[in-house]
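The values are calculated or read from the model by the stated rules, or taken from the named source; none is laboratory data. All figures in this text were calculated on a predicted structure; none of them were measured in a lab. Note that we place each Cβ from the backbone using ideal geometry, even for glycine, and neighbour counts take in every protein chain shown. Please note that ligands, DNA and RNA were not included when accessible areas were found on the heavy atoms of the full protein model with its side chains. Shrake-Rupley method; radii C 1.70, N 1.55, O 1.52, S 1.80 Å.
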Amino acid sequence: MINDSLPLLPLAYDRLPSSWLRMLGQEGVPIVARHDAGPTRFVLFDGRLSPPPTLRPDQQSIEVSLFEFDVNPISISAAVAPKTTHAFWQVGDIEAREEVAAVDHRTVRETLISRLRCAIQELGGVWMRTSPYPFPYQTAANFRFDHDRFIADDFYRMLDAVRGHEEMTSHYLCGSQYESQPEAVAALRDMDVGSHGYHHHTYRDARENRRNIQRGLDAIRRCGVDPVGFVAPHGRYNPALAEALQSLGVAHSSEFAAAYDDLPFTPEGSGVLQIPVHPVCLGIALDGKRERTDKQVVAAVGEYFEAAVTEKYAAREPLFFYGHPDGRVGRYPEVLRRWFSAVASRPGVWRTSLTQFARWWRERAACRWEVHGTADRPRLVVDRTPPSFAAAVEWVGPAGVASLPLTKGRLELSAEHTQFVPRTRTTRTRPVRLEPIRGLRHWAHRLLDWEYETPVKEIDAHHLRGRLKKSLRHWKEARA
Ligand SMILES: [Zn+2]
């Protein structure tokens, strides 16, 4: 018999690794540092960091490291470049390859959080969380456009396909390509616009990144649009990028080298919200097409997108996809039309920009509520709700999930009179295989930060790598 004098939620913690704090934050279960709160029923700790906490007899400690017996949750830190891998997705009969985070953070999170949830439920606790989407939505949808190059025909074909769906698009522009296209930038004025850097490259040096990002932001501003947010060229993520984003006060960013297909989070040591997307785009399918025609690839990607939307919708994962107007979805807008109609045909989808989603995610993290009573008859005491959105609380029971509006004040619930709806938790929208990134050429390129995007005269030669790169580019260009 559980003594109902102590709150079942929030979960208190003594010291937890950043990976656990990140996953619990993504889950939306109320948590609080133990020294910041009165006694609570459950106290989480990590035996690798501290001894078991001293508790009252009506408290229960839970050792989170025990749940990691077969997985190793790796932190995402702004100070350490994440390990990446080549991942392959099956798109029809094409294998589409992208360089992404080596760790599948979504799967690690789902596995570990469900183990913790089961443990707490077995100990007489309750599992409730703030829904990842505002009430009453089932999920959220956004198509992110990375505007690497400006090709007028492709750009305006993309705009035609977007018409009527503008609110669920976000556009990240390369400044070097768009600074001379104020009309194109103006056509995006009422949509969500962010920066994709000035030159299309993610540097290994913080100073170079800062300069490139600042220059990219300034170029878009000169066209009369104030950009919010950033996505890194090639989806790369490294400490030099994190430092530059932080120092420029960029609000959110999205790089699949940090994470893909996961819920948003803030890397350890960073204040920049990371919003992962699904990393499969038409571009990587065209890269892997071999003897197939563009038309066949376009049909395969359209079908793949429809299936991925179906699965992610059922699993209530964000429907955050991406593509490039130039030479890709702008040239073959039928891919976009299929994606938009797959999303539009489903009820309960929040069609939103990434900027608006980032705002929601911050407000969601600031919700404060407690659960008293017992697992069968929980009593919610809600102290703080998001100021600009309606939120929902999700009660996860053995038979499924019940969703209720999260409103300030008290709410008495009973398991008997609550309808739990079964949920699909897994999705097959995942890589079919991974391959380590190998080869001398690859490592030499990374070491030199090799690229052809920055004009030779602009290569920053304040460090040895830059001087070497500059000489080699000079030499190559002289030979050409
Ligand atoms: Zn790009």
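Going residue by residue through segment 212-219, is there one that turns out to be open to solvent by less than 10 Å² (accessible area, probe 1.4 Å), more than 15 Å from the ligand (Cβ to nearest atom) and either without any contact (Cβ under 8 Å) to a residue 24 or more places away in the chain or assigned by TED's automatic domain parsing to the domain that holds ASP148 (or both)?
Checked against the condition, which is being open to solvent by less than 10 Å² (accessible area, probe 1.4 Å), more than 15 Å from the ligand (Cβ to nearest atom) and either without any contact (Cβ under 8 Å) to a residue 24 or more places away in the chain or assigned by TED's automatic domain parsing to the domain that holds ASP148 (or both), segment 212-219 yields at least one hit.
Got a sec? Which of GLU317, GLU303 is more than 25 Å from ALA259 (Cβ to Cβ) and touching a residue at least 60 places away in the same chain (Cβ under 8 Å)?
Being more than 25 Å from ALA259 (Cβ to Cβ) and touching a residue at least 60 places away in the same chain (Cβ under 8 Å) holds for just one of GLU317, GLU303, which is GLU303.
Only one of ARG15, ARG48, ARG34 is under 26 Å from the mean Cα position of the chain (by Cα) and not assigned by TED's automatic domain parsing to the domain that holds PRO264. Can you tell me which?
ARG15
Any chance you could count how many residues in segment 219-254 are part of a helix (DSSP H, G or I) and of a type in the set (Val, Ile, Thr)?
Number satisfying all stated conditions: 1.
I need the full set of residues from segment 38-84 which are touching a Phe, Trp or Tyr at 6+ places or on another chain (Cβ under 8 Å), surrounded by 15 or more Cβ atoms within 10 Å (Cβ to Cβ) and assigned to a loop (DSSP other than H, G, I, E, B), in order please.
Scanning segment 38-84 gives ASP46, PRO53, GLN59, PRO73, ILE76, ALA81, PRO82.
Can you list the strands (runs of 3 or more DSSP E) found entirely within segment 93-203 that contain at least 2 residues being within 16 Å of the ligand (Cβ to nearest atom) and touching a residue at least 12 places away in the same chain (Cβ under 8 Å)?
Result: 94-101, 139-147, 169-173, 192-195.
Of all residues in segment 230-248 being within 14 Å of the ligand (Cβ to nearest atom) and not hydroxyl-bearing (Ser, Thr, Tyr), which is surrounded by the fewest Cβ atoms within 10 Å (Cβ to Cβ)?
HIS234
Considering only segment 287-294, I want to know if a residue exists there that is farther than 18 Å from ARG22 by Cβ and in contact with an Asp or Glu (Cβ under 6 Å, 6 or more places away or on another chain).
Taking every residue of segment 287-294 in turn, at least one turns out to be farther than 18 Å from ARG22 by Cβ and in contact with an Asp or Glu (Cβ under 6 Å, 6 or more places away or on another chain).
Which of the residues that make up segment 255-294 are in contact with a Gly (Cβ under 6 Å, 6 or more places away or on another chain) and either of a type in the set (Lys, Arg) or outside any loop (DSSP other than H, G, I, E, B) (or both)?
So the first thing to find is which residues in segment 255-294 are in contact with a Gly (Cβ under 6 Å, 6 or more places away or on another chain), and the list is 255-257, 281-282.
Residue satisfying the conditions is LEU282 alone.
Considering only segment 385-480, give the strands (runs of 3 or more DSSP E) lying wholly within it that have at least 1 residues that are among the small types (Gly, Ala, Ser).
Correct list: 391-397, 400-406, 409-412.
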